[in-house]
Structure formats: structure tokens, C-alpha cells
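Worksheet for the structure shown next.
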Amino acid sequence: MADIEHPQIYLITPASFELSSFGKELERVLDAVPVACLRLAMASHDEDRIARAADMLREITHRRDIAMVIESHVLLAERLGLDGVHLKEAHGVRAARKTLGEDAIVGLHAGSSRHDGMSGGEAGADYVCFGPVGAAGLGDGDLAERDLFDWWSQMIELPVVAEGALDESLIRALSPVTDFFGLGEELWSAEDPAARARACLAAMGG
């Protein structure tokens, strides 16, 4: 694992949310646990709605010195003054880096593909995310197994993120071999997201 004592939390927004209520919920979570980065992962294609959400969340995160990236929308990341972008395909990494510059964060979700993760790293990604790691009803059932994280942590210096259907037992199992845990619905679907975040942090050994 990359020179950190414990993994860190990487927060992921819901695909859809009401701006004002989610902003308050996010602040409660950020005040409860240390967070390294927030990813805006809205499913909406309404540019104005995405921009308004990004403006609100950027103010909340930057006030706390927390990095913020947006999923897929490279041009919006640049226009809205965000810290970077999170991509779902390795072939877009090089172009995103060229557009956003060397100081921007460019992350990649590589599913369970070691090859895609390595390709993204070679193209200039700052981190690679594998997942889902837990069984979920959505998707094709293909999971990122612990062996992948174990191999990556030993062979590749690029930081790695584990995400998708996480629970405390998976977090404890993966903590020695990952740098970040991407927590999204695991928190937001809980009755008390801040308490759930604290429980996840405790499972990381933090």
C-alpha cells in the first residue's frame, strides 16, 4: 500500500439528489470523518442542474480543503473550477490530461480489469478505481476480487480505490491492500450517513 498508515475515504455522491438537503447531509459526514476527495456522480444530463450542484459542493469541499472531481464531464470540470475528472474508460485519460493540465486530478474506473487499470496509469491517471468489490443486484455480476488489489498494491505504485457494495467486513479485508475506499450509497442509504461513515472508518483501522 502506498505509504499511508490507513486507507482514506473517497466520497461519491448519489446519482440524483435534492441540492439543499444533500448539502446539509454532506456537511454532517465531512464533519464526522476525514475525507480525501468527493466525486460528483450525477446521472443527470441537465448541464444547468449539474453545474448548480457542482457549485454548491465545491464551496462545501474547498472550504474544508477536500478535493472535488466530477464524473465523465471533462469540459465542465475545467469550466466550473473543479479539481479534476473521474473517467470510466482508459482511452479518455490522455485527452483529459491534455485538456485539464498536469495539476488536475484524472481518475479512472477500471472495473475488474487489471489491463485497463494499467493502461490508464500509463496514460497519466492519478488513481485507478476497481469495483464493485461486493455483490450487488446491478451490473453484470463481475467483481473486483481481493487478489487484484493485492497484486496492484505490490506491483503498481499508482494509488488504488476500492468501491461498490462495501460493508465493514469487506473494508477490513481490503484495508491492507488499498489506498482509498469509495463510499457512496453505502452511506447515503443509511438512516444516519455520518454514523455509517464513522463505522466504515473504524473498519479501515482509522
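Would you work out the Kirkwood radius for the range 1-56? I mean one over the mean of 1/r across all pairs of different Cα atoms, in Å. Each step should come with its number before you reach the end.
On the way: mean 1/r = 0.0787 Å⁻¹.
Evaluated over the range 1-56, this radius sits at 12.7 Å.
Using 0.36 nm per residue of separation minus the Cα-Cα distance, give me the extension gain between Ala135 and Arg172 in nm, one decimal.
Details: separation 37, 0.36 × 37 = 13.32 nm, distance 1.61 nm.
Full extension of this stretch gives 11.7 nm more.
Check which residues have an amide H placed less than 5 Å from Gln8's amide H, if you skip close sequence neighbours.
Excluding prolines and chain starts, which carry no amide H, the hits are Phe180, Phe181.
Hey, with R₀ at 41 Å, roughly what FRET efficiency would Glu191 and Glu89 work out to, going by the Cβ-Cβ distance, to 0.05?
Approximately 0.70, to the nearest 0.05.
Treat each spin label as a single point 7 Å out from the Cα along the C-beta direction, and report the Asp46 to Ala67 distance in nm.
3.0
Just to check I understand the Karplus step: with θ = phi - 60° and J = 6.51 cos²θ - 1.76 cosθ + 1.60, what whole-Hz values come out for the range 59-65, glycine and proline as x?
Result, rounded to whole Hz: 4, 5, 6, 5, 4, 9, 6.
Please go through the range 107-206 and write out the GluC sites (Glu not before Pro) that DSSP classes as loop and that have at most 15 other C-beta atoms within 10 Å.
Passing both the DSSP loop test and the Cβ count: Glu145, Glu157, Glu191.
Could you tell me the distance between the Cα centroids of the range 1-45 and the range 178-196, to the nearest Å?
8
Given 0.36 nm per residue, what is the gain on full extension from Asp150 to Ser21 after removing their alpha carbon distance, in nm? Before the final figure, lay out each step's value.
Working: separation 129, 0.36 × 129 = 46.44 nm, distance 3.84 nm.
Between Asp150 and Ser21, full extension yields an extra 42.6 nm.
Measuring from centroid to centroid over Cα atoms, what is the spacing of the range 108-148 and the range 66-81 in Å?
Measuring centre to centre over Cα atoms gives 21 Å.
Can you run phi through the Karplus equation (6.51, -1.76, 1.60; θ = phi - 60°) for the range 80-91 and list ³J(HN,Hα) in whole Hz, with x for Gly and Pro?
Using θ = phi - 60°, the values come out as 8, x, 8, 7, x, 9, 10, 10, 10, 9, 4, 5 Hz.
Sum -39500 (n - 2.57) across every DSSP H segment of at least 4 residues in the chain, then divide by the residue count to get the 222 nm mean residue ellipticity, nearest 500.
Details: 9 runs with 87 residues, N = 206.
So the helix-based figure for the chain works out to -12000 deg cm²/dmol.
Could you go through the range 8-15 in sequence order and give the Karplus-derived ³J(HN,Hα) for each residue, using 6.51 cos²θ - 1.76 cosθ + 1.60 with θ = phi - 60°, rounded to whole Hz, and x for Gly and Pro?
Computed from phi, the couplings for the range 8-15 are 10, 8, 10, 7, 10, 6, x, 5 Hz.
Out of Met204, Met56, Ser112, whose Cα points farthest toward the positive end of the dipole of the chain (charges: +1 Lys, Arg; -1 Asp, Glu; placed on Cβ)?
Going by the charge dipole, the pick is Met56.
Throughout, read-outs are computed from the coordinates displayed, never taken from laboratory work. Computed from a predicted model, the values in this text were never measured in an experiment. Cβ coordinates were reconstructed from backbone atoms using ideal geometry, including for glycine residues, and neighbour counts include every protein chain displayed.
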